[in-house]
Structure formats: C-alpha cells, structure tokens
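Structure first, commentary second.
The values are calculated or read from the model by the stated rules, or taken from the named source; none is laboratory data. From a predicted model like this one, the values you see are computed outputs, not experimental measurements. Positions of Cβ are backbone-derived with ideal geometry, glycine not excepted, and every protein chain shown enters the neighbour counts. Ligands, DNA and RNA are excluded from the accessible area calculation, which covers all protein heavy atoms including side chains. Shrake-Rupley method; radii C 1.70, N 1.55, O 1.52, S 1.80 Å.
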Amino acid sequence: MQSSPMILAEDEVRKLLRMKDLIPAMADALRDLSAGAVLQPLRTVLPVTEHGGFLGVMPACGHALGAKLVTFYPENKDVPTHHAMILLFRPETGEPLAVMDGRLITEMRTAAVSAVATKLLARTATKVLTILGSGVQARSHLEALRLVREFTEVRVWSPRNAERFAREFQVHAAISAEAAVCGADVIVVATSATTPILQGEWVAPGAHINAVGATRPNWRELDNEILQRATIYVESREAALKESGDVIAAGKAVAEIGEVIAGQQPARRSADEITLFKSVGVAAEDVAAADLVYQKRTERISQ
C-alpha cells in the first residue's frame, strides 16, 4: 500500500499516455457505460460569470473510481481554454491513489473517443479528412484518426491559425469551411463556435462527422439540415440530451456508441448514409484514461 497519493504533472502524464493504448481503453469505457457497468451522474457545471468561465465536476465509478475537476474559459488567449485535475481512489477502500493533471487527458481522450466512433462508423475506404479548427483538438484528432483510417488528403480550416497548422503538420489549408468540407469522407468539428459552423448542404453523402464542441444546451456547431440528414450517435443519451444544443435541436432518437460496440445498435447501414458522432465528454472516459496512466506508472515503479 502506498502511503500517499501519486502526484503526476502534465509532463509525466505525457510520457505515460499513448494514443494507441488510449483508443481501445475508451472503447471499453464506452461499452461499459452503455451496459450500465459505470455509475456516472450528470456533470455539475458552475458558471464563473464574472470571468466568463465554467467549473465542471465529473465523478464516475466503474473499474476505477475517480472524479475530474475541469475549468473551461473559452476566451482565454495566452493559456489553454481547458484546465483539469483528476483524482483516483481505490474502489475497495476509498483510499486516494493519485492526483494528476487532466488537461492533456481531456485533449487526448476526446480524440481517442472520436477515433473509436470513426473506426465503427466511417466508410472503410476513406481518402479526405477535414478538420474545422486548428487548436489542441485539431492536433489530437489528426493523430488519433490516422490510427484508424488512412487518408490521402487532410484539409484544415479555421478563422485563425489554419495556415500555421497546415505548415506544422504538412496538410492543406482550405480557403473556407465550405471548401474544406466539400467531398470530405471524415469531418471533425473542433472549434469554439456557439452558433452553427457546419452546414448540411456542404456534406457529401456517406460522410462521417465527429463534432466535439458546443457542449452547452444553448450552443450549436451544426445546422438543422445536417442534424436531420445524419444518423446521430452519442456517448451517453442522458448527457447529450442535457448538455448538447445540437442533440436537443435534432429532436430525434440517438444511439450510444457503446451500444454499437456491444452489437446492440447498428453502425453504418449504407455507403451513402451520413453518420454523426456528437461528443460532450463524459466522466467515464476521464477516469478510465487516468486509470490507464496510473497503471502504466505503477508498472514502471515495480520494474
């Protein structure tokens, strides 16, 4: 038994967490969540109105027990918009096991979950990946999606920094969101938009979309047309119907991606079907990712 909790800063988390390990861990977490094997209340969000931010509290108990405390300050310029700490406890006794930085975990698990959805829902023969956004989620999604599909062309568009992103990652900077989306096989919406930025008329039949922003009930990143055209998948119906303005606006049945993993819901039904994975981020993902980091660190100590 360790006498005090393990403390891991972001640099240490970065050394231990690998996307290739995180993707299957997220698939397991989502399957367990849909199967009822994870206890996860809705996220509690406290508005920090004076400074335009939010504090979220996200506990979960499955194979691991823990909670994430996360702040979201969308107007931050010189520091990240998200900061987080994750606490892990021993499920059998409640003893604290670890306190670790959660910013990188949030960044990586979001993309890893999109990769799980893309592997299940996107057509096998994909050529063009489009990313709307050029921040940390754009970078993380580029890494994750390349592990589950091969692309011959990657396009990026954002209101700011698309050219810099394109140079850094040797991809193509599109002149507009419409130009980026036209003919794309897989589309990632990873911006800070609070009104629709992806228009359904731009989306080709058979495309798969991962939408990871607009996680407040009065925010949108997708227009009504794409919500009606697409078959929608989520992490948690309860969370999406409470937190996602897009899912609320869609007003139709959605499937959980964990149900697809378990074979209880179908994946893509035809080559022309548009599939949409709308992610809000849930505690089961964070706790499972933090447990993966903890296990990796424990293995290193014991070697």
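Looking only at region 72-99, residues that are assigned to a strand (DSSP E or B) and either at pLDDT 95 or above or open to solvent by 50 Å² or more (accessible area, probe 1.4 Å) (or both) come to 12 in all. Remark: pairs (first residue in region 34-61, closer than 15 Å to R216 by Cα; second residue part of a helix (DSSP H, G or I) and open to solvent by 40 Å² or more (accessible area, probe 1.4 Å); Cβ separation under 9 Å; 6+ apart in sequence or on different chains) = L42/E238; L42/K242; R43/K242. Filtering region 5-24 to residues that are touching a residue at least 40 places away in the same chain (Cβ under 8 Å) and either more than 22 Å from P96 (Cβ to Cβ) or open to solvent by 20 Å² or more (accessible area, probe 1.4 Å) (or both) leaves P5, M6, I7, A9, E10, E12, R14, M19, K20, D21, L22, I23. Taking E201 as the residue in question, decide whether it is in contact with a helix residue (DSSP H, G or I) (Cβ under 8 Å, 6 or more places away or on another chain) and surrounded by fewer than 15 Cβ atoms within 10 Å (Cβ to Cβ). Yes: the conditions hold for E201. With respect to (1) under 27 Å from E75 (Cβ atoms); (2) surrounded by fewer than 18 Cβ atoms within 10 Å (Cβ to Cβ); (3) β-branched (V, I, T), the lone exception for I209 is condition (2). A count restricted to region 111-125 and to residues that are under 27 Å from I175 (Cα atoms), modelled with pLDDT of 95 or more and surrounded by fewer than 24 Cβ atoms within 10 Å (Cβ to Cβ) stands at 1. For region 142-249, which strands (runs of 3 or more DSSP E) that fit wholly inside it have 1 or more residues that are of a type outside the set (V, I, T) and touching a strand residue (DSSP E or B) at 6+ places or on another chain (Cβ under 6 Å)? The qualifying strands (runs of 3 or more DSSP E) are 153-157, 208-211, 231-234.
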